[in-house]
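Student: Provided herewith is a single structure, encoded as structure tokens, for subsequent inquiry.
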Amino acid sequence: MKHRHIKRGHYNNFYDNNHKIGERTRVGSFCDIGGIIGKDCKIQSFCFIPPGVTIEDNVFIGPGVIFTNNKYPKVNFPDFIPEPTIIKNGVAIGAGCVILSGIVIGENSLIGAGSVVTENVPPGEVWYGHPAKFQRKL
């Protein structure tokens, strides 16, 4: 699938027929993308966004962010269905974060660099840490 409306880096892996990328979205180099990404997003290099992840519009994903789509992975799992993860509009996720599956990060929230997000984040909040915890309202 060609993406003439996005700017993308080198050596990316876009999963066949499983991904969608919105207009004016930028994707850095060395990313694996199988999820759905909205418009006007910035995805930095070395990110992993598997099937089951939905990123809405105007989202910033820092370098090296890893999303998961299964809390209990197995080698042989023929009926695998990804656990949905949703990143709402206007979210910013700092470099090196890990976002576990089944999470919703609310609109305009900020996730600090190096955080491990293990639970839902309400809209308009700053979370960081390992595991990520509420720090303050924006």
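The values are calculated or read from the model by the stated rules, or taken from the named source; none is laboratory data. Bear in mind that the values here come from a model prediction, so they are computed numbers and not experimental data. Cβ: placed from backbone, ideal geometry, glycine included. Neighbour counts: every protein chain shown.
Student: Are any of the residues in the stretch 89-100 among the small types (Gly, Ala, Ser) and in a strand (DSSP E or B)?
Tutor: There is at least one residue in the stretch 89-100 that is among the small types (Gly, Ala, Ser) and in a strand (DSSP E or B).
Student: If residue 95 passes every condition in (1) under 19 Å from residue 12 (Cα atoms); (2) without any contact (Cβ under 8 Å) to a residue 40 or more places away in the chain but one, which one does it miss?
Tutor: Tallying (1) under 19 Å from residue 12 (Cα atoms); (2) without any contact (Cβ under 8 Å) to a residue 40 or more places away in the chain, residue 95 fails exactly one: (2).
Student: Could you tell me whether the stretch 114-127 includes any residue that is among the aliphatic types (A, V, I, L, M), assigned to a loop (DSSP other than H, G, I, E, B) and touching a Gly at 6+ places or on another chain (Cβ under 8 Å)?
Tutor: no
This table checks each residue for (1) of a type in the set (A, V, I, L, M, F, W, C); (2) under 25 Å from residue 129 (Cα atoms); (3) out of contact with any Lys or Arg (no Cβ under 6 Å at 6 or more places or on another chain).
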position	(1), (2), (3)
26	no, no, no
40	no, no, no
54	no, yes, yes
66	yes, yes, yes
80	yes, no, yes
95	yes, yes, yes
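Student: Across the stretch 44-78, which residue is surrounded by the fewest Cβ atoms within 10 Å (Cβ to Cβ) among those that are under 18 Å from residue 27 (Cβ atoms) and among the aliphatic types (A, V, I, L, M)?
Tutor: 66
Student: Oh, and also: How many residues are within 10 Å of residue 87 (Cβ to Cβ) and either touching a Cys at 6+ places or on another chain (Cβ under 8 Å) or aliphatic (A, V, I, L, M) (or both) if we restrict to the stretch 37-56?
Tutor: 4
Student: With (1) part of a loop (DSSP other than H, G, I, E, B); (2) over 22 Å from residue 25 (Cα atoms); (3) modelled with pLDDT of 95 or more as the list, and residue 135 as the residue in question, which single condition is left unmet?
Tutor: (1)
Student: Filter the stretch 79-138 for residues that are surrounded by fewer than 15 Cβ atoms within 10 Å (Cβ to Cβ) and under 19 Å from residue 34 (Cβ atoms); which is farthest from the chain's Cα centre (by Cα)?
Tutor: Selected residue: 79.
Student: Next question. If I go through the stretch 35-88 residue by residue, how many of them are of a type in the set (Ser, Thr, Tyr) and not in a loop (DSSP other than H, G, I, E, B)?
Tutor: Residues in the stretch 35-88 being of a type in the set (Ser, Thr, Tyr) and not in a loop (DSSP other than H, G, I, E, B): 2 in total.
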